[in-house]
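Have a look at the structure below before the remarks.
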Amino acid sequence: MPIAARPTMRPSRGFTLIELMIAMVVIAILAAVAFPSFMDSIRKGRRSEAFSALSSIQQAQERWRANNAAYASNLSASAPTGLNIPATTAGGYYTLSLANVTATGYQAVATPVAGKSQVKDGTCAKLGVQMNGGTVTYAANTSAGALAYANTSACWSR
């Protein structure tokens, strides 16, 4: 009696639905862990925009002070009444302002624009520079939102 021919099994191709779902869960977990860290890195990089703007204000104030008896109190007005610096940084992440302007000092502040990601930059969201009698100090915001001119090394790393 002849042996009946068995049907040959073809090797399976592709993924099963379970394998595909497991791969998607792994990718979702990795994305949930990596995305916040990625956004923190992006915010840290965007801080350089504030540093650059505050540095421009410092340089413009020193040029102004070399020709006048006091520092300029108007940021965006054109010369001869102001520093001619835009009130918003180039990327639009910070607004700039001057405060406490005297003959021997001033405060320049970079405040994050509401609705932009820099608002979530923690204690480095708001940055400032203070000139007082020839001494420059750097500031970052506290949890209450006020500027603190101490212990800012996390934001102003050199």
- Placing each pseudo-label 7 Å from Cα in the direction of the beta carbon, residue 67 and residue 48 end up separated by a distance in nanometres of 3.1
- Item | Virtual spin-label span in nm between residue 150 and residue 31, 7 Å along Cα→Cβ | 4.5
- Message: If I build a Gaussian network model for the chain, linking alpha-carbon pairs within less than 10 angstrom, which residue out of 112, 80, 11 has the largest mean-square fluctuation?
- Response: 11
- Note on the structure: On the formula 1/(1 + (r/R0)^6), with r taken between the Cβ atoms of residue 56 and residue 123 and R0 of 22 Å, the FRET efficiency rounded to 0.05 is 0.40
- Tilt relative to the chain, helix 17-67 - C-alpha long axis, 0 to 90 degrees, to 10: 10
- Rg (Å, one decimal) plus Dmax (Å, integer) for the alpha carbons of the range 50-158? 13.6, 40
- the chain, Gaussian network, Cα under 10 Å: of 49, 62, 19, the residue fluctuating most is 19
- Message: With just the Cα atoms defining each centre, how far is the range 28-52 from the range 69-97? Give it in Å.
- Response: 28
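Every number in this text was worked out from the coordinates using simple rules, so none of it is lab data. Source: prediction; values computed, not measured. Every residue, glycine among them, receives a Cβ derived from its backbone with ideal geometry; neighbour counts consider all protein chains shown.
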